[in-house]
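Report on the following structure.
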Amino acid sequence: MQGRYNVLFLCTGNSARSIMAEAILKRKGFPNFIAYSAGSHPTGSVRPEALKQLEAARLPTEGLRSKSWEEFSRPGAPKLDFVFTVCDNAAKEVCPIWPGQPMTAHWGVPDPAAVEGTPDEVSRAFRDACMMLDRRISLFMCLPLSSLDRLAIKKEIDRIGHE
């Protein structure tokens, strides 16, 4: 494997975790990685708390939108190299057949949108999710993808999901 890699982050609603992962990889991974996100049942909007967290981290938010994973299984969609589920619900669902047989892994991240509490507690949940995604994405980007075979890469990205 070498060159540019297309990475899709999946979650059920595509409104928080997968959106944050897309923004993080877009900034940190350019030009070697192209990031996308989608949901199995998209909410149709991005959580304002996720956008606020991305802005606080000085990550671009322009163009981020909640969309269906069906966009990436249609003819003409980008050929995916990696697909990461970031929520437990999406990991249990039957995913579409992705053209090109990308490597997949589950990186479970607690759902900040499910947190009920004070504004500070909700903000902390979004910050924690963003930091966890940032750490995993940073580790993923350190993998010597061009020199590893598919099995070695699969083992490493699965390990990252448990960090």
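Per-residue Cβ neighbour counts within 10 Å put ILE34, ILE24 in the sequence ILE34, ILE24, beginning with the fewest. Extending 7 Å from Cα along the Cβ direction at SER73 and again at LEU139 yields two label points whose distance is 2.9 nm. Distances between placed amide hydrogens fall under 5 Å for ILE34 paired with TYR5, ASN6, VAL7, all partners being 5 or more residues away or on another chain. With θ taken as phi - 60° and the Karplus curve 6.51 cos²θ - 1.76 cosθ + 1.60 applied, the whole-hertz 3J(HN,Hα) list for region 26-33 is 4, 7, 6, x, 5, x, 7, 10 Hz, x standing for glycine and proline. The stretch between LYS155 and ARG4, if pulled fully straight at 0.36 nm per residue, gains 52.3 nm over its current Cα-Cα span. The calculated Kirkwood hydrodynamic radius for region 5-155 is 15.5 Å, given to one decimal from all distinct C-alpha pairs.
Considering only ALA57, VAL86, MET141, and ranking their Cα positions along the charge dipole of the chain that arises from unit charges at the beta-carbon of Lys, Arg, Asp and Glu, the one farthest toward the positive end is MET141. Between SER68 and GLY39, the built amide H atoms are under 5 Å apart, and every one of these is 5 or more places off in sequence or on another chain.
Only the coordinates and a few stated rules stand behind these numbers; no lab work does. These numbers come from a predicted model, not from an experiment. All Cβ positions, even for glycine, are placed from backbone atoms using ideal geometry, and neighbour counts span all protein chains on display.
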